[in-house]
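Every number in this text was worked out from the coordinates using simple rules, so none of it is lab data. It should be emphasised that the depicted structure is a prediction, and the values quoted were computed from it without experimental measurement. Neighbour counts run over all protein chains shown; Cβ positions are idealised from the backbone, glycine included.
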Amino acid sequence: MTQFLQATVNGLSLAAVYALIAIGFVVIYKSTQVLSFAQPALVLTGAYFVSYFAFSLGWNFWLGLGLAIAIAVFLGLFVERTALRPMIGKPVFSVAILTIGLDIAIRTVINDLIGVDFRGVGSPWLGQWDWGGAVVRHAQVATVVITVVLVVGVVAFFRYSRLGLAMRAAAFDQEVALAQGISVAVVFAVAWGMAGGLAAVAGMLIGTSFAGVSAGSAFVALKALPAIVVGGIDSLPGAVVGSLIVGLAEAYAATYQAGNFDFLGANFSQVVPWLVMFIVLLVRPYGLFGTKEVERV
Amino acid sequence: MRGRPGLITSYRKDISLFRTGTQRLWLVVLLLVALWLPLWMPNDWLVPAGISLFAAIGAIGLNLVTGYAGQVSLGHAFFLGIGAYTASALSTVEGPGTRGLLAYGYDMIIWLPAAGLVAALLGVIVAPVALRLKGLYLAFVTLGLVFLGQHLFQSWRELTGGAGIGRRAAELSLLGFRFDEDGEVFGVFLSDTQKIYFLGFVLLVVMALVAKNLARSRIGRAFAAIRDRDIAAEIMGIDLTRYKVIAFAISSFYAGVAGALLFTVTGFLEPNAFNLELSIFYVAMVLIGGVATISGSIMGAVFVTMLPNLIDFVSDYLPYDPATGPLNTGQLEAILFGLLIVVFLIFEPLGLYGLWIRIRNYWKAWPFSY
């Protein structure tokens, strides 16, 4: 039971990280029809700069986080304006591959800055609690709380603000939105800026919940991909539910596979998200909550 | 007809391999140059050149499924890996050095086709997924395939030797003739790299010709129809299931053959080599070279594989020196590689092939602008 509780706690905090990254993906996909493989690069950028300001320079953690978010937002805006604006109207796949190119370029620079060691992020959540035998680290609770707050914030933004309404309209039909006087350019910029900011926070959380920031943090970010596919790539609730499924599945696999299913190989939990994605896609080709594509003949 | 190469008067001519005699002439010149290069090239250029010929086979495979048939695949690394390990396991001779690895000791005449066939078989198994999924979702599944494949390669120690340890790549010994040793061929002394280059050259010419012919056959036209609009293709009577399975099978066959050969140059296989990055390399070859063109696949593969050499070469003439600057050659290469994908997609979606067409059209009309 303790083992189960522990796995659940780990799974939830993992799911929270995936959810933040996944929401960035979905926001970009919904409002710009771009599937951004550059998200891991943004995550890594955010994580590195938090680490740089709060750990290397020893500044206040929140100040460092704020600056890192600002840098990631700026990077998101820059990428959108320079590389993605010229690609409007091009095939979805070309644009997706373009973001892979961006990801490689940005990640190489950041990896060079990070170096070979794990870097701390100087977070204030270092302690841990003992809940009925299960070890709950403060960082894990902080991860879940921050994610819940941000997810609620994003949902509220889309539901209640004028800009959120504009973004929903643009997601629905860009030309009609333009005709209503909505600046689609602003919508695109906001989507990328938002994804950049969320990625920076997610990067910081990866740094606190794992051993620190390293070049490998990008792989954690990549596992948010199966999460959004499970949920359906154009659904915000789907992103959250998908992250929960994937995160918990990964954590349970990590806990129970060793000793019981050794033939599956070491570190099997790392590929569980992809396996879950396979199974879900075979049953539901558009994910759990994704919009089924209607084709006209 | 003479002097009007753009004039096409029959469908047969439109799909012919070479439309004009000039094209044929230049191809012969190009082939001769390619045969002449290894005779004087230094080894640090010849080795990547040989690798690029094998890579071109893989790139053609990816272009068949992604460029011609429009089925996006990020899972090429998986099929390359399957080919590489099949070949290695079949070729390795049982001995004290095999450490319990699978070893059957067959000749190249067996392991080369077998590597392709095993990969093709897996392609057939994966293909049904492509029947249910489209576009980005298919990209995701093939992406997942790379991760699952990598895990399989790391865990299946009898086949791969395990992560960090690896095993030797297949042995290039065709009916007793060794490509991986220096020796005389028809009285001419050739080094091992030269022999490997010529092997790659012959195989590439054959495989490219087959692919080119395939692309202009019934199958190739069915692929193009599916790519352009699958529903329309289906209504015209093209069996989607059949042709998608064929596309994946052929593409995987090419990948298997390429994978089997690629690592024979360095002689070593490590499970972590078959990662997402390798897949992206192949996608980049196709994109940079030219989508849905065979010549483009070859150009792209040569360009992407030779990129480190090109950067080294160019950096001698640039003020920036990778040896002392903050970014080393490998990082510079990665950044340039990423940016090249971006630049080509934005400015020249047809890739190197498109650049070539532009240059050709410029000279065709010279001195007029059109």
How large is log10 of I(q)/I(0) for the protein assembly as shown at q = 0.06, 0.08 Å⁻¹ when the intensity is taken from the Debye formula with one equal scatterer per alpha-carbon? -0.36, -0.64
Fewest to most neighbouring Cβ within 10 Å: what's the order for B:HIS151, B:HIS76? B:HIS151, B:HIS76
Mind checking the angle between helix A:39-50 and chain A's longest principal axis? C-alpha axes, 0 to 90 degrees, to the nearest 10. 60 degrees
Helix A:138-160 vs. chain A, principal-axis angle (Cα, 0 to 90°, nearest 10): 20 degrees
What is the angle, in °, between the Cα long axis of helix A:61-79 and the longest principal axis of the Cα atoms in chain A? Nearest 10 is fine, range 0 to 90. 40 degrees
Determine, from the Cβ-Cβ distance of A:VAL149 and A:ASP112 and an R0 of 30 Å, the FRET efficiency 1/(1 + (r/R0)^6), rounded to the nearest 0.05. 0.35
GNM on chain B, C-alpha springs below 10 Å: top fluctuator among B:LEU101, B:LEU175, B:LEU62? B:LEU175
Using only alpha carbon pairs under 8 Å that are at least six residues apart, calculate the relative contact order of chain A and give it in whole percent. 33 percent
Taking chain A and counting helices only, DSSP H stretches of n ≥ 4 at -39,500 (n - 2.57) each over all residues, the nearest-500 ellipticity at 222 nm comes to -23000 deg cm²/dmol
Other chains' Cβ within 10 Å of B:335-348 residues: what's the mean? 6
Based only on Cα atoms, what mean projected area does the convex hull of chain A have, in nm²? 16.9 nm²
Expected sort for A:TRP274, A:TRP192 with the fewest Cβ neighbours (10 Å cutoff) up front is A:TRP274, A:TRP192
How crowded by other chains is A:221-228, given as the mean number of beta carbons from other chains within 10 Å of each beta carbon? 2
In chain B, whole DSSP H helices that both stretch 18 Å or further along their axis by alpha carbon positions and average at least 0.5 on the Kyte-Doolittle scale are B:21-36, B:43-62, B:76-91, B:108-132, B:135-155, B:192-215, B:240-262, B:276-289, B:294-315, B:329-347
Selection from B:ILE109, B:LEU25, A:VAL280, by position along the positive dipole direction of the protein assembly as shown (Cβ): B:LEU25
Taking the highest mean first, how do the peptides B:233-245, A:24-36 order by number of other beta carbon atoms within 10 angstrom per residue? A:24-36, B:233-245
For chain B, calculated [θ]222 nm from helices alone, where every DSSP H run of n ≥ 4 adds -39500 (n - 2.57): -21500 deg cm²/dmol
Top mean-square fluctuation among B:GLY267, B:GLY149, B:GLY176, Gaussian network model of chain B, C-alpha springs under 10 Å? B:GLY176
Along the charge dipole of the protein assembly as shown, which of A:MET167, B:SER295, B:HIS76 sits closest to the positive end, that is, farthest toward it, with unit charges on the beta carbon of Lys, Arg, Asp and Glu (+1, +1, -1, -1)? A:MET167
Which ordering of A:ASP130, B:ASP230 is given by a fewest-first count of other beta-carbon atoms within 10 Å? A:ASP130, B:ASP230
Quick one: dipole size for the protein assembly as shown, taken about the Cα centre, charges +1 on Lys/Arg Cβ and -1 on Asp/Glu Cβ, in debye to the nearest 20. 2240 debye
Kindly state, to the nearest 0.05, the FRET efficiency for A:GLN180 paired with A:LYS292, given R0 = 35 Å and r defined as their beta-carbon distance. 0.85
Descending Cα extents along the principal axes, the range B:52-365, whole Å: 58, 53, 44
Which pairs break 31 Å Cα to Cα here: B:LYS134/B:LYS195; A:LYS30/A:LYS223; A:LYS90/B:LYS212? B:LYS134/B:LYS195
Quick check: pseudo-label points 7 Å beyond the Cα along Cα→Cβ at B:VAL202 and B:TRP26, how many nm apart are they? 2.9 nm
Relative contact order of the range B:98-239: what whole-number percent is it, with Cα pairs under 8 angstrom and at least 6 residues apart? 17 percent
